[in-house]
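Notes follow once the structure below has been shown.
The values are calculated or read from the model by the stated rules, or taken from the named source; none is laboratory data. These numbers come from a predicted model, not from an experiment. As a convention, Cβ positions derive from the backbone with ideal geometry for all residues, glycine included, and neighbour counts pool all protein chains shown.
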């Protein structure tokens, strides 16, 4: 059923002689660097730490994609809760006592590790730009835009994308899948590199960056890079940037739930959402299944032929 998905993949890159940006080099002796290393381990293991007790049922299958909007903020809040509960892992020696992860809305980054003093002053250690991705959302890929300029990202800040789904696909409790974790500054620089050097376009590739951007800005600070020309409004659509999230998106859609890949669940539900005529839906399902069977049969025949030929060569060597 994978033939039904109409997702737009990352664009194919063009050849360029410009060297792509690299993640910032972090001082291994810096306590923040050691903290980030442990945090990455916690984030990679997030599916095991993630707890969401609310159970969802009675949602029309063709309306499931709306959960991305309905639960997005709650999912991100659960991630912050999980991070604070896993303090023994990211702070095993109590070096960061008094610091907690806090979520903030409408300000970059979404999550900060902070400590507040008695005067209300806030000390920020690092930030996480956190985005949830419901694997059955209509787009089939993460749809958020990341337009923050690299100057607003501290070296230790992270961009994290958390895929999630319901444990019974159509109902149940939200479950986290393996997240995408990269340097936020590198992601911002690579986004601009792609826009200026990798796209096959004759349009202007100029990008305007705010001159006063610094890490951990206030709500009214300008921190977004802006392209001089973006007719399609695609700047910052990181899921479409070749070389950034391609492997992560493929792996996420290959996550199996109840024995079926999420990409196939998405395709099946998408075609039912897009086609009101159930007879046409059934006909398209049969056509795709027939193509799949034919392709698998051809592949099996080729494999058998190769195996027979290999056996022939082995027996000939023995003789």
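Quick rundown of the values:
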{"read-out": "Per-region count, the stretch 87-109, residues crowded, with 22+ Cβ neighbours inside 10 Å and assigned to a loop (DSSP other than H, G, I, E, B)", "value": "2"}
{"read-out": "Given (1) touching a helix residue (DSSP H, G or I) at 6+ places or on another chain (Cβ under 6 Å); (2) surrounded by fewer than 21 Cβ atoms within 10 Å (Cβ to Cβ); (3) under 29 Å from residue 30 (Cβ atoms), index of the condition residue 178 fails", "value": "(1)"}
{"read-out": "Residues that are surrounded by 11 or more Cβ atoms within 10 Å (Cβ to Cβ) and outside any loop (DSSP other than H, G, I, E, B), drawn from the stretch 236-250", "value": "238, 239, 240, 246, 248, 249, 250"}
{"read-out": "Search result, residues across the stretch 27-41 that are part of a loop (DSSP other than H, G, I, E, B) and in contact with a helix residue (DSSP H, G or I) (Cβ under 7 Å, 6 or more places away or on another chain)", "value": "27"}
{"read-out": "Filtered residues of the stretch 218-230 (kept if closer than 26 Å to residue 111 by Cβ and at pLDDT 90 or above)", "value": "221, 222, 223, 224, 225, 226"}
{"read-out": "Single match in 295, 280, 233 (criterion: over 25 Å from the mean Cα position of the chain (by Cα), at pLDDT 60 or above and either within 30 Å of residue 21 (Cα to Cα) or in a helix (DSSP H, G or I) (or both))", "value": "280"}
{"read-out": "Among the residues listed as 218, 201, the single one being in a loop (DSSP other than H, G, I, E, B) and over 25 Å from residue 77 (Cα atoms)", "value": "201"}
{"read-out": "Output for the stretch 251-277, where each listed residue is farther than 30 Å from residue 200 by Cβ, outside any loop (DSSP other than H, G, I, E, B) and at pLDDT 80 or above", "value": "256, 257, 260, 261, 262, 264, 265"}
{"read-out": "Any chance residue 194 is at positive phi and modelled with pLDDT of 90 or more", "value": "no"}
{"read-out": "Filter result for the condition that a residue is touching a helix residue (DSSP H, G or I) at 6+ places or on another chain (Cβ under 6 Å) and surrounded by fewer than 18 Cβ atoms within 10 Å (Cβ to Cβ), over 159, 170", "value": "170"}
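Results for (1) loosely packed, with under 15 Cβ neighbours inside 10 Å; (2) modelled with pLDDT under 85; (3) closer than 22 Å to residue 138 by Cβ, shown as yes or no for each residue.
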site	(1), (2), (3)
27	yes, no, no
36	no, no, no
44	yes, no, no
47	no, no, no
51	yes, yes, no
55	yes, yes, no
58	yes, yes, yes
63	yes, yes, yes
